[in-house]
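Take a look at the structure below.
Laboratory data are not the source of any read-out in this text; all were calculated from the coordinates shown. Fair warning: this is a prediction, and the values are worked out from it, not measured in the lab. Cβ atoms come from the backbone with ideal geometry, glycine included; neighbour counts cover every protein chain shown.
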Amino acid sequence: MPVKKQTSAKLRKKALVLAQKLARLEGADDNGYCFCVTCQKSDHYKNMDGGHFISKGSSSRWSLDTRNIWPQCKGCNGFGMKDGTAQISYTIYMQEKFGVDFVEEMLASKKDVYKISTPDYRDLISDLQSKINVELARLGET
C-alpha cells in the first residue's frame, strides 16, 4: 500500500497539536501539574489546553510560536477567551512575561501572513517532538 503524502494543512495541524502539548508540558511541575495562565486553576497537564494568546485561527504569524501558547484550563480557553475575562487576564500575563512592547508588537503583527513550507513543517514537528520527549522524560513518562 503506498504511503500518502502529507499535505501542508495536515502537517500544520500536527504541529499545532504538538506545540500545544509542549506548552502544557513545559508549564508542568515535576508531578505533571500546571497552572492556567488566566485563572490560576491547577490541574494535570493532560487535563489542560495549550491556549493561544492570539488565536491560532486568526494568525498564521503567531499560531505556532511557542511564546504565544501557554497552559489554560478548558473553561478559560473555550468560552472564557470569547465571552469572559480570560482575554484580559491573558494579556496581563503576557505583558508581565514579555513586556508591553512585545505584546503590542504581537498584536500589531497578528494579521501578517507567515507561510511555512512542507519541509519546514517537518523540521518543526521533529523539533517539537524532541522537546516533548525531553519533558516526558523529566516527568518519568517515557
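Which of the residues belonging to region 33-79 are among the hydrophobic types (A, V, I, L, M, F, W, C) and within 24 Å of Glu105 (Cα to Cα)? First the steps, then the outcome.
Within region 33-79, the subset among the hydrophobic types (A, V, I, L, M, F, W, C) is 34-37, 39, 48, 53-54, 62, 64, 69-70, 73, 76, 79.
Across region 33-79, the qualifying residues are Cys36, Val37, Phe53, Ile54, Trp62, Leu64, Ile69, Trp70, Cys76.
Before we move on, is Ser109 among the polar types (S, T, N, Q), free of Cβ contacts under 8 Å to residues at least 60 places away in the same chain, out of contact with any helix residue (DSSP H, G or I) (no Cβ under 6 Å at 6 or more places or on another chain) and under 26 Å from Tyr33 (Cα atoms)?
In short, no.
Going by what's in this entry, would Tyr121 be described as under 15 Å from Val17 (Cβ atoms), in contact (Cβ under 8 Å) with a residue 40 or more places away in the chain and of a type in the set (Phe, Trp, Tyr)?
yes
Against the conditions (1) loosely packed, with under 13 Cβ neighbours inside 10 Å; (2) hydroxyl-bearing (Ser, Thr, Tyr); (3) within 15 Å of the chain's Cα centre (by Cα); (4) not in a loop (DSSP other than H, G, I, E, B), where does Ser58 fall short? Just the number, please.
The failed condition is (4).
Go over the candidates Gly50, Gly84 one by one and state the one that is surrounded by 14 or more Cβ atoms within 10 Å (Cβ to Cβ) and over 22 Å from Glu26 (Cβ atoms).
Selected residue: Gly84, the only one of Gly50, Gly84 that is surrounded by 14 or more Cβ atoms within 10 Å (Cβ to Cβ) and over 22 Å from Glu26 (Cβ atoms).
Considering region 96-142 alone, what residues qualify as being among the basic types (Lys, Arg), outside any helix (DSSP H, G or I) and exposed (fewer than 14 other Cβ atoms within 10 Å of the Cβ)?
Lys111, Lys115
Any idea which of Asn77, Asn68 is surrounded by 16 or more Cβ atoms within 10 Å (Cβ to Cβ) and either under 9 Å from the mean Cα position of the chain (by Cα) or among the small types (Gly, Ala, Ser) (or both)?
Just one listed residue meets the conditions, Asn68.
Looking only at residues that are assigned to a strand (DSSP E or B) and not acidic (Asp, Glu) in region 37-55, which one is farthest from Leu22 (Cα to Cα)?
By that ranking, first place goes to Ser42.
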